[in-house]
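Undergrad: My questions will all concern the structure given below.
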Amino acid sequence: MFKKSFALLIVLLLGIFGSVSAQDAASTLPVACPEGDATISVAAGAVGVEFDVAQEQAARYMEACPNVTVEILEMPDSSTERLGVYQQFWEAQDPGVDVYQTDVIWAGIIAPHAVDLSEYVDEEFIGQFFPNMVEGQTIDGRLVALPWFTDAAGLYYRTDLLEKYGLEVPTTWDELTEAAQTIQEGERGEGQSEFYGYVWQGNAYEGLTCDAHEWLVSETGDTFITSEGEVNVNNPEFVAALERAAGWVSGISPEAVTTYGEEESRAVWQAGNAAFMRNWPYAYGLGNAEDSVIADNFDYAPLPAGASGAGACLGGWQLAVSQYSDNVDAAVSVAAFMTSPEEQKLRALSPQGANPTIPALYDDPALAEANPLFVRMGPILETAYPRPSGVTAEDYNQASTIFFTYVHDVLTGETDAQAAVEDMELDLQDLLADRGM
Ligand code: GLC
């Protein structure tokens, strides 16, 4: 009897609080629930646990707006492949996807297919984001996407192994190469035959553009096309950096690193089989998860420097609303909800640990406590260097493809570094000439 009435009480309380929180959620929505029923499909990533986190966000939205069904669609991990999928939808003007998770470098590419969000979302809401991120997503005065989370890559290192071998955190690429070599030899000597010094992203895709952009920026201070439209690849510093990276393959890095994306490198790292990893902040919380063998035995530092200092690739993802959506109002309401401060905070606190795009959240003590990386991300984010997507706009993907394809050829030994940068330079110059530059 007691048990029954207790259970009833719980059900009642859940009912009351459940509906209060749904109402609360609805009243704090940045863009109100749409009129009538709607189904909104969101094309989203599944790197780490971001897919689950997006699904939780969708569930919270549906609680606030029960007339809307939000479906999260899983897209390929590779940014390059994902763009390929999106482009098929856009070419067909397909209403099957309403909201797209878009890479920070795609603003010029998505512009013709995205609605101008400044027509739907008020200025106060937009004013909460980092102004440079909003500016980066504004094409010809149209806000094409809302910043969802930001990214800057860093160097993950095993604290226990640095201590074991009496090594400091490497601050230059050469120090990294040496430390990785020392630890790899030592660990293999103790029977860890699958152990590697350094894992990173060497597959032919956007991730390799980021890695190689970092080698280039750290050696020359600029990326492969400068903001003035100069091609910056055919120089001895980049040739040397490419040769160094090619030397890592089958040395301190697995031969298969030339097929690795973020998740493949994290798999090796999180299994305890690498001393160092280049990756984005999402790997921090996951590496410290309860089931992770490296939990509490690693840390995250700025990437090593070259002659010009360090140059972390600036990454990040946004949400854009498709012009081909059958229900733009509902789609905007979902996108604004998912990028709102409350939702960004929950994402930041999740194991995915996504970096907010709202400066005020970095002052929130709950974030710093949950993930010390947020405190350390400030200077890394400030000095992170953007890829040349502003100057190449709708042609960015072609420019990046030229860049990563030649870099990949050097890594796999198909061509030598000097020949690669010469061809890369010609192809990039042709592309710029076609753009009238
Ligand atoms: C991360 C970055 C994104 C970048 C991608 C490359 O997801 O946030 O900007 O393009 O990695 O793999």
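The values are calculated or read from the model by the stated rules, or taken from the named source; none is laboratory data. These numbers were taken from a predicted model, which means no experiment stands behind them. Quick reminder, even Gly has a Cβ in these numbers, built from the backbone with ideal geometry, and neighbours come from all protein chains shown. To get the accessible areas, we keep the full protein, side chains included, count just its heavy atoms, and leave off ligands, DNA and RNA. Shrake-Rupley method; radii C 1.70, N 1.55, O 1.52, S 1.80 Å.
Undergrad: Please enumerate the residues belonging to the range 124-135 that are open to solvent by 40 Å² or more (accessible area, probe 1.4 Å), within 20 Å of PRO386 (Cα to Cα) and touching a residue at least 40 places away in the same chain (Cβ under 8 Å).
TA: PHE130, MET133
Undergrad: With the structure loaded, tell me whether GLN93 is in contact (Cβ under 8 Å) with a residue 60 or more places away in the chain, open to solvent by 10 Å² or more (accessible area, probe 1.4 Å) and more than 16 Å from the ligand (Cβ to nearest atom) or whether it fails that test.
TA: Details: in contact (Cβ under 8 Å) with a residue 60 or more places away in the chain: yes; open to solvent by 10 Å² or more (accessible area, probe 1.4 Å): yes; more than 16 Å from the ligand (Cβ to nearest atom): yes.
Criteria met by GLN93.
Undergrad: Determine, yes or no, whether ALA417 is more than 13 Å from the ligand (Cβ to nearest atom), more than 30 Å from PRO356 (Cβ to Cβ) and open to solvent by less than 70 Å² (accessible area, probe 1.4 Å).
TA: Against the criterion (more than 13 Å from the ligand (Cβ to nearest atom), more than 30 Å from PRO356 (Cβ to Cβ) and open to solvent by less than 70 Å² (accessible area, probe 1.4 Å)), ALA417 qualifies.
Undergrad: Of all residues in the range 58-80, count the ones that are open to solvent by 30 Å² or more (accessible area, probe 1.4 Å), among the aliphatic types (A, V, I, L, M) and touching a residue at least 40 places away in the same chain (Cβ under 8 Å).
TA: Summing the residues that are open to solvent by 30 Å² or more (accessible area, probe 1.4 Å), among the aliphatic types (A, V, I, L, M) and touching a residue at least 40 places away in the same chain (Cβ under 8 Å) in the range 58-80 gives 0.
Undergrad: Let me ask another. Pick out, from the range 141-222, the strands (runs of 3 or more DSSP E) lying fully within it that include 1 or more residues that are among the polar types (S, T, N, Q).
TA: The qualifying strands (runs of 3 or more DSSP E) are 146-152.
Undergrad: Report yes if LEU286 is within 16 Å of the chain's Cα centre (by Cα) and not assigned by TED's automatic domain parsing to the domain that holds CYS65, otherwise no. Walk me through it before giving the result.
TA: Numbers: within 16 Å of the chain's Cα centre (by Cα): yes; not assigned by TED's automatic domain parsing to the domain that holds CYS65: yes.
Yes.
Undergrad: Only one of VAL239, VAL217 is within 20 Å of the chain's Cα centre (by Cα), buried (at least 18 other Cβ atoms within 10 Å of the Cβ) and not small (Gly, Ala, Ser); which?
TA: VAL217
Undergrad: Scan the range 171-190 and give yes if some residue there is in the same structural domain as VAL268 (by TED's automatic domain parsing), touching a residue at least 12 places away in the same chain (Cβ under 8 Å) and within 16 Å of the ligand (Cβ to nearest atom), otherwise no.
TA: For the range 171-190, residues in the same structural domain as VAL268 (by TED's automatic domain parsing), touching a residue at least 12 places away in the same chain (Cβ under 8 Å) and within 16 Å of the ligand (Cβ to nearest atom): absent.
Undergrad: More than 16 Å from the ligand (Cβ to nearest atom), surrounded by fewer than 21 Cβ atoms within 10 Å (Cβ to Cβ) and not charged (D, E, K, R): which single residue out of SER292, SER333, SER322, SER253 fits that description?
TA: SER292
Undergrad: Yes or no: the range 273-288 includes at least one residue that is within 14 Å of the ligand (Cβ to nearest atom) and of a type in the set (Gly, Ala, Ser).
TA: yes
Undergrad: When you check GLN55 against the structure, is it open to solvent by 20 Å² or more (accessible area, probe 1.4 Å) and either free of Cβ contacts under 8 Å to residues at least 24 places away in the same chain or touching an Asp or Glu at 6+ places or on another chain (Cβ under 6 Å) (or both), yes or no?
TA: In short, yes.
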